[in-house]
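Take a look at the structure set out below.
The values are calculated or read from the model by the stated rules, or taken from the named source; none is laboratory data. Since this is a predicted model, take the numbers as computed values, not measurements. Every residue, glycine among them, receives a Cβ derived from its backbone with ideal geometry; neighbour counts consider all protein chains shown.
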Amino acid sequence: MLTQSQEKYREILQVAENLYRQDPDWVTFFREVVGIDGAIRKSFPTFEELSEFEQSEEFDKVQKMLVKLREKRAAADPETEPTRVITVRLPKSMHEYLRTEAHDLRTSMNKLCISKLLQVIGEEMIPNERAGGSSTPAPTRQTPINSLTPTPIANSVPVASSVPTPTLSQPIPQTQPIPQTQPAPSPFKPTQPRF
């Protein structure tokens with residue numbers, strides 16, 4: 001007799017197999033089965049349930065279907081699923097490694113990176129940002145409004161004002177000098193990338 005979770009696993013696999021038989025593009029398959037609003041996330045809303053399912057034989061079969069669909073077609077129609085670009089900072093040595101790996105596998109770096117992103121990794125493989133320092137986020141530095149000084153604009157046209165302009169025969173009124181403030185130091189930028 002199947003447990004409730006095993007029954008859910010089989011239901012997800014059935015949904016994936018039914019969609020796979022319709023021969024969709026890989027992006028549609030990903031969106032409908034694995035994506036944020038896909039069948040898997042709807043069935044396993046908590047992180048723990050999702051992590052357990054990702055260790056199952058059924059999830060492995062879903063991943064293999066996704067690979068087969070990626071072999072058939074490059075991407076979905078941009079009208080139905082627009083693409084997005086992310087920028088990832090990585091060390092030169094890692095970039096060279098990915099480039100060599102893509103060459104060895106006779107694929108593009110883009111396809112290789114997407115393949116790696118589609119793989120499930122355990123939480124223990126992700127560095128904890130709080131492990132090396134304080135658990136409280138660093139305060140953001142803001143410049144007070146009253147310390148901002150106006151910047152003269154080159155070639156500006158004088159604007160009519162209700163304040164009379166002094167002439168040579170009138171004394172120029174004394175004004176208080178605007179206190180100069182030191183600019184705020186720039187945020188700390190580490191010389192080495194953090195992982």
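Structure data summary
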item: Matching residues in the stretch 119-138 - criterion: being in contact with a Lys or Arg (Cβ under 9 Å, 6 or more places away or on another chain) and modelled with pLDDT of 80 or more; result: P127
item: Subset of the stretch 39-64 (residues that are assigned to a loop (DSSP other than H, G, I, E, B) and surrounded by 15 or more Cβ atoms within 10 Å (Cβ to Cβ)); result: F44, S56
item: Among (1) assigned to a helix (DSSP H, G or I); (2) within 23 Å of the chain's Cα centre (by Cα) - the single one I36 does not satisfy; result: (1)
item: Close pairs from the stretch 113-133: first more than 16 Å from E101 (Cβ to Cβ), partner at pLDDT below 80, Cβ under 7 Å, at least 6 apart; result: P127/F195
item: Residues of the stretch 13-33 that turn out to be at pLDDT below 95 and either aliphatic (A, V, I, L, M) or at positive phi (or both), as a count; result: 2
